[in-house]
1. Regarding region 162-169, can at least one residue be identified that is modelled with pLDDT under 95 and part of a helix (DSSP H, G or I)?
2. In region 313-341, what residues are at pLDDT 95 or above and either outside the structural domain of LEU180 (by TED's automatic domain parsing) or in a loop (DSSP other than H, G, I, E, B) (or both)?
3. Given (1) touching a residue at least 60 places away in the same chain (Cβ under 8 Å); (2) surrounded by fewer than 24 Cβ atoms within 10 Å (Cβ to Cβ); (3) part of a loop (DSSP other than H, G, I, E, B); (4) not charged (D, E, K, R), where does ALA307 come up short, assuming only one miss?
4. Can you tell me which of LEU362, LEU281, LEU329 is in contact with a Cys (Cβ under 9 Å, 6 or more places away or on another chain) and either crowded, with 19+ Cβ neighbours inside 10 Å or of a type in the set (Gly, Ala, Ser) (or both)?
5. For region 370-379, give me the residue count where each residue is surrounded by fewer than 17 Cβ atoms within 10 Å (Cβ to Cβ) and within 28 Å of the chain's Cα centre (by Cα).
6. Out of GLY43, GLY71, GLY56, report the one residue that is on the phi > 0 side of the Ramachandran plot, out of contact with any Asp or Glu (no Cβ under 9 Å at 6 or more places or on another chain) and at pLDDT 95 or above.
7. Considering only residues that are in contact with a helix residue (DSSP H, G or I) (Cβ under 9 Å, 6 or more places away or on another chain), not in a helix (DSSP H, G or I) and not small (Gly, Ala, Ser), which ones fall in region 283-304?
Amino acid sequence: MLTQIKFGTSGWRAVMAEEFTFANVRRAVCGIARYVVSQKPRGARVIVGRDPRFLGEIFCSMAAEILASHGIIPLVVAEAAPTPAFAYAVVQTKADGVINFTASHNPPEYNGIKFSTPDGCPALPEVTKKIEAEIAAGDQSDPAGDAMKDTPAQKGAEDGGEILDPKPMYLKRLREIVDLDVIRKANLRVAFDPMWGAARGYSDELLREAGVQVATVHDCRDVLFGGHAPEPDDHLLEDLRAKMRETNAQIGIATDGDADRFGIVDADGTFLQPNYIIALLFDYLVESRGWKNGVAKSVATTNLINAIAKARGVELYETPVGFKYIGELIMQDKIAIGGEESAGLSIRHHVPEKDGVLAGLLCCEMVARRGKSLGEQLKAVCNHVGSFYPQRENFRLTPEVKAKFTEKVRSDPREFSGRAVRGVVRTDGLKLIFDDGSWVCYRLSGTEPVVRVYSEARSEQDLEKLSATAKQWIFE
């Protein structure tokens, strides 16, 4: 029986040699090719690229061969590149999509495929459903054919393909967005951790070219990413902190495996959670650019953004989880910035895709221009609009508990372990809002027996109580 290939909020991901096999990759790429041809029967061009994961070059060669066999011209990117660079390149080259082999921040045993549409946006559900249908149709019409061919040797852009380098155009765009002169004139010292990933030679190269002092760690290809997930989270940034101490850096910036997510470390070594970085950059862009057209956040992202929006007189958009929904608002020029608590953001007049490279560079600019550490800036904002304490936790569920809880989240509870529920939001999952402005949001994973619990309170003590109550509610 063939594996069912399902595209989630950010593509299809699976463990290599289990579900992510040559045969299944062929099926997935054939489905994408059939979809592209259905939209543009002749003359279609699709970018093919990757992050630095194991066998990435082989998968790109395979995809290029399959696309060519369907009459599509593959634009092959030879080196690993950031996901936002692909998003910018597809628009600039007027290509008809991007096939990007990446598992983003997932552990090294994973790989995946992200498909982006010609507007640079992650494929929306209506597109991925059509791709899944094309995969199924291909399975029915030729259950052994394409999927069982031998693995091709590396061919690059042979057989009618072309070579594409997205780096120059993407870096040129970043120079237009980020005020590198402000960073240089402030004599800001920066430490950078690409986590062995796709942003190697991007953030640091741009800063050095502008005359900024940059020290880099993990600046080599390692398909095992140091033996852990290439995720720029607090507990994985000790080497970055060490480099900051060694060079007396005032800020540390990091990106994940495909550079669509960011991690930021303050001068004193404190990790600033993405919720706060998005809020600070929103406040900064309104102040420095004068952009007041709107701000977007996912339903699971901090209400500090709501408070700043109210204080600044800016319209707020709350979206389901998945950056594709924020990307649509960027394309419509409805927002100055949009972000998710999972460390994804982009801004006005840029790609409708998460950009971890841009996030780090804008944080450098913000610290340089304001002349204050990120912690000092956060304290100033909270003194003005109030404090917010968000967190996310994951809980594994037994089949029995999951079945019971799935029914529970479909209800409209009036009370929550003794607390009165002021509002129920179903933008994505179940979000319960309480009288004191605190809230909890439950989202069941579609791929594993896990519930993600997002909580936010107005004090650390209240967050601790709310977190305990939120866990209790799952299992009671």
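The values are calculated or read from the model by the stated rules, or taken from the named source; none is laboratory data. All values derive from a computational prediction rather than experimental measurement. Virtual Cβ from ideal backbone geometry, glycine too; neighbours counted across all protein chains shown.
1. Scanning region 162-169, I find no residue that is modelled with pLDDT under 95 and part of a helix (DSSP H, G or I), so the answer is no.
2. Within region 313-341, GLY313, VAL314, GLU315, GLN332, ASP333, LYS334, ILE335, ALA336, GLU341 meet the criteria.
3. (3)
4. Working: LEU362 fails: in contact with a Cys (Cβ under 9 Å, 6 or more places away or on another chain); LEU329 fails: in contact with a Cys (Cβ under 9 Å, 6 or more places away or on another chain).
Unique residue meeting the criteria: LEU281.
5. 4
6. GLY71
7. The answer is TRP291, LYS292, VAL295, LYS297, THR301, THR302.
The rows are residues; the columns are (1) part of a loop (DSSP other than H, G, I, E, B); (2) buried (at least 17 other Cβ atoms within 10 Å of the Cβ).
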| site | (1), (2) |
| --- | --- |
| ARG53 | yes, yes |
| PHE86 | no, yes |
| ASN100 | no, yes |
| HIS105 | yes, yes |
| PRO108 | yes, yes |
| GLU126 | no, no |
| ALA137 | no, no |
| GLN140 | no, no |
